[in-house]
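The values are calculated or read from the model by the stated rules, or taken from the named source; none is laboratory data. These numbers come from a predicted model, not from an experiment. As a convention, Cβ positions derive from the backbone with ideal geometry for all residues, glycine included, and neighbour counts pool all protein chains shown. Quick note on the areas: whole protein, heavy atoms, side chains included, nothing else; ligands and nucleic acids left out. Shrake-Rupley method; radii C 1.70, N 1.55, O 1.52, S 1.80 Å.
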Amino acid sequence: MTENIKVRFAIVIAAVLLAGAWIAPNFIDFKEGDWWFSKKKMVYGLDIQGGLHLVMGVDTHGIIVEKTVRLSRSLRDELKNRNVGVESISPQNEDKTILDIVLKSDVDVKSLKSYITDTYPATIQILETAGNRVSLRYFDNVIRDQKQQVINQAIEVIRNRIDEFGVAEPSISAQGSERILVQLPGIQDAVRAKELINRTARLDFRIVSRDVEQAKLAEFIDSAEKAGNYALGKDGLRYSAYVKRLNEDLKGKIPENSLVVFQKPEEAATLEAGKIPYLVMSDTDLTGDQLEDASVHPGEYGEPEVVFSFSPDGRRRFGEITEKNVGKQMAIVLDEIVQSAPVIQGKIASSSARITLGGGRDYQKTVNEANFIATALRAGALPANLEQLEERTVGPNLGADSIAAGKKATLIGVALIFLFMALYYRTLGIVADIALSLNVLFLLAILTSLGATLTLPGVAAIALTVGMAVDANIIIFERIKEELRKGTGTSAAIKDGFSNAFSSIFDANITTVATSLILMYYGTGPVRGFAVSLTIGIVTSMFTAVFVSRVLIEILTKWFKIKNIAAV
């Protein structure tokens, strides 16, 4: 660093002006047309400014049931290839995670047990054998690991969606084994945020079944609604609950491994206003999991289309399905709503496919819908259905009270520190007070410029850095006083005092920074906010204690010729 005091003083002035300019929007309400090089404001956490608090339930049991159903299909093929006689394979009615296998003979029972033991020794356990019936299920550790994986994946998907929404420092964490806690500080559009989180964006490609004629299917649906006295939208019945209830009521009337879903006609504003039923196969086994990317592109006539591409495995699976079902309709189903149902003209082996939203509607609304679908798809498909268990809009009153108490405590603490430093270290103490003030100024400016979220733990971190900055000044001043007591000249004492103290200050701060970086990497929400504030505070305190303080002291001794700078 240059020894020229004018240059160093200019650096300090420039830093102060720049920091003041950065934090100005926090105190000055710039209008939309006003010019200012940055209008960023400090971002406050949920505990300070309020926001959205959600608890989401994750249907991990449903995932295990799906896994068991897939196991039944794969076992059926595997046992057939091994010439094991099987009468039936199906999940139990009571516990869908247990698979009942009825075999043709005792020899087949032994073959099955041998096959399970050899092929799935750590995955599947045989629960009991009664005659030709064998019950088996996944081991508890497999189920536990699968549920944990689903929770972790759901957290990542929600985090991706929130990132797309642009919420700063959200807190998303597991709450037990089947719940996820979501906290969104300062969220302005709570309805849209919930819609984005709750929307499962589960994309499925399902072959349309023609086993039931369209008129007959409509008759089944009408009868089920009249018998149950319900309808979509009636008494607040939402679409997902409606489809689930309807398919339960239609069991026995529609073929197994099929379900009823609906498409909204282009002329209808909502599904309640009009819906087209589709009977689709539920075992296509091609979902949005194999999706790689999604974006909006103009179609042949300029209409917006959602174009998405598959992973290599999804591409292969898509090619197989289209090859086997030429001439049939493939429904592109998003959240159990049919978006499109084109007829398969031939095998599709291309790397991408598209959802057309149709023309004739309001163009901007269509574009918005296309963008929303693409955003949801890019954010990833949730591995399981989510159910909103709890919602609280946290008001700012709690944060305001906390801020008021924090301000009071901080002001009292700072005043005491300033008073002590001025009385005990006199001129050096006043220099330390100025450095501390600049430390807070720089810290707030950096937090504002980075868009980091200030939480109450972050406020605590700022108070902690102020204390550490004082400690650094005290170490420096004591070194200077030691040199002065030895009879060293003022200039030499200042130089040696800063040089001797630097290594101690640096060693102490570098270990704290290392800890903060670990907290920042692994922590979330308030913990990360604390780590961010502490890390920045340490950097600024090093700058003010080592650089700014020295510049000020040298200005006092060289420009203002003050000799007695310390009470030795």
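Odds and ends about this structure:
- When the charge dipole of the chain is built from unit charges on Cβ atoms (+1 for Lys and Arg, -1 for Asp and Glu) and taken about the Cα centre, the candidate among Thr393, His53, Gly451 whose Cα reaches farthest toward its positive end is Gly451.
- For the peptides 494-506, 48-60, 546-558, the ranking by packing is 48-60, 546-558, 494-506, with the highest mean count of neighbouring Cβ atoms within 10 Å listed first.
- Value of relative contact order over the chain, rounded to a whole percent, pairs C-alpha under 8 Å and six or more apart: 18
- Distance-filtered residues of the stretch 456-482 - backbone nitrogen under 17 Å, label point 7 angstrom along Phe506 Cα→Cβ: 472-473, 475-476
- Where the Cα pairs of the chain fall when distances are cut into 20 Å bins, in %: 16, 36, 25, 17, 6, 0
- Sorted on the mean count of surrounding Cβ atoms within 10 Å across their residues, most packed first, peptides 149-156, 23-30 read 149-156, 23-30.
- Mean Cβ count within 10 Å, highest first, over the residues of peptides 127-138, 427-438: 427-438, 127-138
- Most positive-pole-ward Cα, Ala174, Gly233, Ile417, against dipole of the chain from beta carbon charges: Ile417
- Counting only Cα atoms, the stretch 498-568 measures 51, 20, 17 Å along its principal axes, largest extent leading.
- The stretch 1-123: C-alpha gyration tensor shape, a/c 1.5 cut-off, then a/b vs b/c: prolate
- Each Lys and Arg Cβ is given +1 and each Asp and Glu Cβ -1; about its Cα centre, the stretch 1-112 then shows a dipole of about 540 debye.
- Shown in residue order for the stretch 43-48 are the 3J(HN,Hα) couplings computed by the Karplus curve 6.51 cos²θ - 1.76 cosθ + 1.60 at θ = phi - 60°: 8, 9, x, 4, 6, 10 Hz (x for Gly and Pro).
- Three-way shape label, the stretch 428-521, alpha-carbon gyration tensor, a/c 1.5: prolate
- If the chain linking Thr117 and Val191 were pulled fully straight, counting 0.36 nm for each residue of separation and taking away their Cα-Cα distance, it would gain 21.5 nm.
- Total charge dipole magnitude, the stretch 433-568, about the Cα centre, Cβ charges on Lys, Arg, Asp, Glu only, Debye to nearest 20: 340
- Estimated from helices alone, the mean residue ellipticity of the chain at 222 nm is -17500 deg cm²/dmol (sum of -39500 (n - 2.57) over DSSP H runs with n ≥ 4, per residue).
- The chain - share of DSSP beta bridges that are antiparallel (%, nearest 5): 95
- Partners for Lys31 among lysines (Cα-Cα distance below 18 Å; same-chain residues under 8 apart left out): Lys39, Lys40, Lys41
- One compactness figure for the stretch 1-49 is 1.62, namely its Cα radius of gyration divided by 2.2 N^0.38 Å.
- Nonlocal amide H pairs with Ile348, under 5 Å, H built at 1.01 Å: Thr322, Glu323
- Simple spin-label estimate for Ser173 and Ser309 gives 3.8 nm between the two label positions (7 Å along the Cα-to-Cβ direction from each Cα).
- Leu416-Gln345 pseudo-label distance in nm [points 7 Å out on the Cα-to-Cβ vector]: 8.1
- Two tests apply to each whole DSSP H helix in the chain, Cα reach of 24 Å or more along its axis and mean Kyte-Doolittle hydropathy of at least 0.0, and the ones passing both are 5-23, 396-425, 427-450, 456-485, 490-522, 525-542.
- Under-5 Å amide H pairs with Ile187, H placed in peptide plane, nonlocal only: Leu52
- Computing FRET efficiency as 1/(1 + (r/R0)^6) for Ile434 and Ser499, where r is the C-beta to C-beta distance and R0 is 22 Å, gives about 0.50.
- Under the Debye formula (equal points on every Cα, no solvent term), log10 I(q)/I(0) of the stretch 240-321 at q = 0.10, 0.24, 0.26 Å⁻¹: -0.39, -1.10, -1.11
- Expressed as a whole percent, the accessible surface of the stretch 424-514 that belongs to carbon and sulfur atoms is 63, based on a 1.4 Å probe.
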